[in-house]
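Before any comments, here is the structure.
The values are calculated or read from the model by the stated rules, or taken from the named source; none is laboratory data. Keep in mind the model is a prediction, meaning the values are calculated, not measured. For neighbour counting, all protein chains shown are included, and Cβ atoms are generated from backbone atoms with ideal geometry for every residue, glycine included. All accessible areas refer to the heavy atoms of the entire protein, side chains included, with ligands and DNA or RNA removed. Shrake-Rupley method; radii C 1.70, N 1.55, O 1.52, S 1.80 Å.
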Amino acid sequence: MRKALRWLLALTVLIGTLSTAGVATAAQTGQVTDIKDQLLAIPGMSLVQEKPYTGYRYFVLNYTQPVDHRHPSKGTFQQRITVLHKDVSRPTVFYTGGYNVSTTPSRSEPTRIADANQVSLEYRYFTPSRPAPADWSKLDIWQAASDQHRVFKALKPIYTKNWIATGGSKGGMTATYFERFYPRDMDGVVAYVAPNDVVNNEDSAYDRFFTKVGTKECRDRLHAVQREALVRRDSLEKKYAAYAAENGFTFTTVGSLDKAYEAVVLDYVWGFWQYSLLSDCDTIPANAATATDDEIWTSVDTISGFSFYTDQGLDPYTPYYYQAGTQLGAPTIKFPYIEKKYLRYGYQPPRNFVPRAIPMKFQPNAMRDVDSWVRHHADHMLFVYGQNDPWGAERFAVGKGSKDSYVFTAPGLNHGANVAGLTADQKTLATARILAWAGVPATTTAQARPLAPYDARLDRQDVQREPTLRP
């Protein structure tokens, strides 16, 4: 009888523990459960959808997060997460693009290299991961890093092997900020094409970049089309007005169609180098002066997108422009090949792209702090840039205080630069370090090649068509 009571008491304690600690206790006791059950046993985690994919389990989830990690009792919101599950015995890559999360299964480069699981997180305040009502003062890099930290702590009892943080562009920035604020969480960081605007009002590095990128012939073609679009402003703005009316586009946030038009045109050269290769120069009108209005319009629209600076185009990216205007900074470049009489606004500040009802105040020390931390404390960090990507003009650097950290540049590549595009020796080194950070055995690491075979659907290397002045 005493044994029976003791057994019943132990069972009651076990059930009670599982209800609060969830997966951790299941893992500790060796209890085998389905991965979906383990994920959903995490307090605050709920299933949106499971999608089948050969060789994996893929889950779209919501996770309850505090609006303010300093004051968790002051409201919560649902943050969207996806999990590409391979096996709990494999390492895990923590990916964020810094914007919305895709709900289509995909695999980042480090995930393929390490044959890992992948957890992907939607950045706070990008819909639907936005509190209602939204207190915009709680959208900052520390709060976002704390989102990642909390997700990592929740999932680590399931995925107990090594973790690597990664992301491209704003996602690379996000992975870097996460490491700065929570340096003990990850075993490595792979940050792709991550801008580093240390001093917001000093952007001469970008001006120097645009005098050297590509070839003079290509630069001249681009400059001529950009200038011609401003010379023909009156006729092309009539076309823009008709286009806006046909599609129901409005210009309340930016202020006017004229401001939006100039913003699109001034993005043109930057946008080409961000998304295109030198070989694509053949698609640019060879003689802008004799090109038709339709040819100028089509070239600018293809690269910059006339829909973007409308209210409808800007609305999904309000969180980015808010951050650019409060912490991240934003580039301002000069246009020496365009006469001043054709320029009315120049590069407009982020404030112009955020509804006026949302207050903004720039914090100049935020990026200086991160830059200093990386230079003096980076450990197991890899930064990859593209030679022809404008965003790489202001980049992260590792200094004497850093350990096992690297900054590499992929020759001829743009904003889609990756480890595969590095020179042979750098590619070998980068791959070997990623495998080592992922905890792969040394015998495998020495081979320095991806452990998972290429999958055309999972590993598609799309450079997301984003607003030009957005990393």
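Ordered from largest to smallest accessible area (heavy atoms of protein chains, 1.4 Å probe), the residues Asp147, Asp301 come out as Asp301, Asp147. Converting the Cα gyration tensor eigenvalues of the range 54-124 into ellipsoid dimensions via √(5λ) gives semi-axes, longest first, of 26, 12, 11 Å. Extending 7 Å from the Cα toward the beta-carbon at both Ala456 and Arg351 defines two label points whose distance is 5.1 nm.
Taking a straight Cα-Cα cut-off under 17 Å and skipping sequence neighbours fewer than 8 places away in the same chain, the lysines within cross-link reach of Lys138 are Lys74, Lys361. Note on the chain: Rg/Rh from Cα positions, Kirkwood definition for Rh, rounded to two decimals, is 1.02. Taken per residue, the accessible surface of the chain reaches 43 Å², heavy atoms only and a 1.4 Å probe. Note that the range 412-427 has calculated 3J(HN,Hα) couplings of x, 8, 10, 6, x, 4, 8, 4, 4, x, 6, 4, 4, 5, 5, 4 Hz, one per residue in order, obtained from phi through the Karplus relation 6.51 cos²θ - 1.76 cosθ + 1.60 (θ = phi - 60°); glycine and proline are x.
Reported value for the range 321-471: 179 Å³ per residue, from the convex hull of its C-alpha atoms. The Cα-based radius of gyration and maximum Cα-Cα distance (Dmax) for the range 194-256 are 17.0, 42 Å. Scanning residues 5 or more positions from Ala410 or on other chains, those with amide H under 5 Å from its amide H are Tyr385, Gly386, Gln387, with H placed 1.01 Å from N in the peptide plane.
The modelled label-to-label distance between Asp315 and His71, using points 7 Å beyond Cα along the C-beta direction, is 3.0 nm.
Measuring r between the beta carbons of Arg344 and Ala397 and using R0 = 45 Å, the FRET efficiency lands at 0.80. Compute the orientation-averaged projected area for the range 391-464 from the convex hull of its Cα atoms and round it to one decimal in nm². Spelled out: convex hull of the Cα atoms, projected over all directions, averaged, 6.5 nm².
For Phe272, the accessible surface of its heavy atoms amounts to roughly 0 Å² (probe 1.4 Å, protein chains only, rounded to the nearest 10). Across the range 166-181, the residues whose backbone nitrogen lies under 13 Å from the label position 7 Å along the beta-carbon direction of Trp142 are 181. The simple Förster model, with R0 at 41 Å and r as the Cβ-Cβ distance, assigns Asn365 and Thr211 a FRET efficiency of 0.85.
Amide H contacts of Val48: Val60, Leu61, Asn62, each under 5 Å away and 5 or more positions distant or on a separate chain (H built 1.01 Å from N in the peptide plane; Pro and chain starts excluded).
Counting only Cα atoms, I'd like the Rg/Rh figure for the range 224-340, Kirkwood definition for Rh. The partial results should precede the final answer.
Values: Rg = 14.7 Å, Rh = 15.2 Å.
Reported Rg/Rh (Cα atoms, Kirkwood Rh): 0.97.
Computed extension length for Thr298-Ala286: 2.9 nm, one decimal, from 0.36 nm per residue of separation with the Cα-Cα distance subtracted.
Here the Karplus curve 6.51 cos²θ - 1.76 cosθ + 1.60, taken at θ = phi - 60°, turns the phi angles of the range 151-158 into couplings of 5, 4, 4, 6, 8, 4, x, 8 Hz, with x standing for Gly and Pro. Keeping the other protein chains in place, figure out the carbon and sulfur percent of the accessible area of the chain, with a 1.4 Å probe. Looking at the chain in its full context, I get 53 percent from C and S. Computed with every protein chain present, the accessible area of Lys239 is close to 80 Å² [probe 1.4 Å].
Under the definition of Cα pairs under 8 Å and six or more residues apart, what whole-number percent is the relative contact order of the chain?
Working: 849 pairs, mean separation 76.6, N = 471.
Computed over the chain, the figure is 16 percent.
Computed from backbone phi with θ = phi - 60° and the Karplus coefficients 6.51, -1.76 and 1.60, the 3J(HN,Hα) list for the range 81-93 is 9, 10, 10, 9, 8, 9, 5, 5, 7, 9, x, 10, 9 Hz; x is used for glycine and proline.
Amide H contacts for Val93 (H built 1.01 Å from N in the peptide plane; partners 5 or more residues away or on another chain; cut-off under 5 Å): Asn117, Gln118, Val119, Ile164. Only one residue of Thr302, Leu314, Gln226 has its Cα farthest out toward the positive end of the dipole of the range 204-320, where Lys and Arg carry +1 and Asp and Glu -1 on Cβ, and that residue is Gln226.
What is the gain in length, in nm to one decimal, between Glu50 and Arg375 on full extension, counting 0.36 nm per residue of separation less the C-alpha to C-alpha distance? Mind dumping the intermediate values first?
Numbers: separation 325, 0.36 × 325 = 117.00 nm, distance 4.13 nm.
Length gained between Glu50 and Arg375: 112.9 nm.
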